[in-house]
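Below is one structure; the comments refer to it alone.
The values are calculated or read from the model by the stated rules, or taken from the named source; none is laboratory data. These figures come from a predicted structure and were not determined experimentally. Cβ sites come from the backbone with ideal geometry, for glycine too, and all protein chains shown count toward neighbours.
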Amino acid sequence: MDVININDYQNVSWIESLALEELNMEESGIIRFSEHLSTQSLLEDSSIAFMNKLKDRFEFYVSMFNQYRSNRDSTRGIKVFRISNTVNDFILFRNSLKLIVARRSADVVSIGFLNNSGGLFSPRMPNEAQAIQQIHEIKAHVGPFNNISWRFQGEVIESESLVKYYLTEFIKNSSR
């Protein structure tokens, strides 16, 4: 018989939630048979987890960047702030430039720059000579079996690449 190693499974919180729901059902007498079919609650959970993952990665790389910079000029470091009254939106700030990462809804995460003059613009894309006056949207796609993927312009994204791209663009634009 094969031994199951819990480390082989990436996300086991769903099974814990099922067990807790069943215990609550037995205690309260309230039965919810179709809750797992609600894409809205799945999208809410997925967007919160996606934002937490992005924030963790941004904070890790910002910390490394600031460490490498600290021996020369610590005043030019990047700061990460949470946005108050939101679940987990956040801002990167340096030299009057902000990179805002926010959940606009359960299925849309927006990313854009805001400068001191109030101008909101998107990071440049490889095929664009300059930034355009709008923000980028990362949208959730619900696939078969409630598999949620996050996409930019219809293409599936990988969070590590997203963080590297936006952080690089932020550092280049805020160095001035």
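Just a few scattered comments:
- Gln40 meets the conditions (1) modelled with pLDDT of 80 or more; (2) surrounded by 12 or more Cβ atoms within 10 Å (Cβ to Cβ); (3) closer than 22 Å to Val108 by Cα in every case but one. The failed one is (2).
- The stretch 115-129, residues that are at pLDDT below 75 and assigned to a loop (DSSP other than H, G, I, E, B): Gly118, Gly119, Ser122, Pro123, Arg124, Met125, Pro126, Asn127, Glu128, Ala129
- Within the stretch 92-122, the residues that satisfy the criterion of being under 27 Å from Gln40 (Cβ atoms) and buried (at least 16 other Cβ atoms within 10 Å of the Cβ) are Ile100, Val101, Ala102, Arg103, Ala106, Asp107, Val109, Ser110, Ile111, Gly112.
- Residues located in the stretch 99-112, provided they are assigned to a strand (DSSP E or B) and either aliphatic (A, V, I, L, M) or touching a helix residue (DSSP H, G or I) at 6+ places or on another chain (Cβ under 9 Å) (or both): Leu99, Ile100, Val101, Ala102, Arg103, Ser105, Val108, Val109, Ile111
- Only listed residue being modelled with pLDDT of 75 or more, among the acidic types (Asp, Glu) and under 30 Å from Asn173 (Cβ atoms), chosen from Asp56, Asp73: Asp56
- Test for Val87: is it surrounded by 11 or more Cβ atoms within 10 Å (Cβ to Cβ) and part of a loop (DSSP other than H, G, I, E, B): yes
- Which listed residue is farther than 17 Å from Phe58 by Cβ, at pLDDT 90 or above and not basic (Lys, Arg), from Val163, Val109, Val142: Val142
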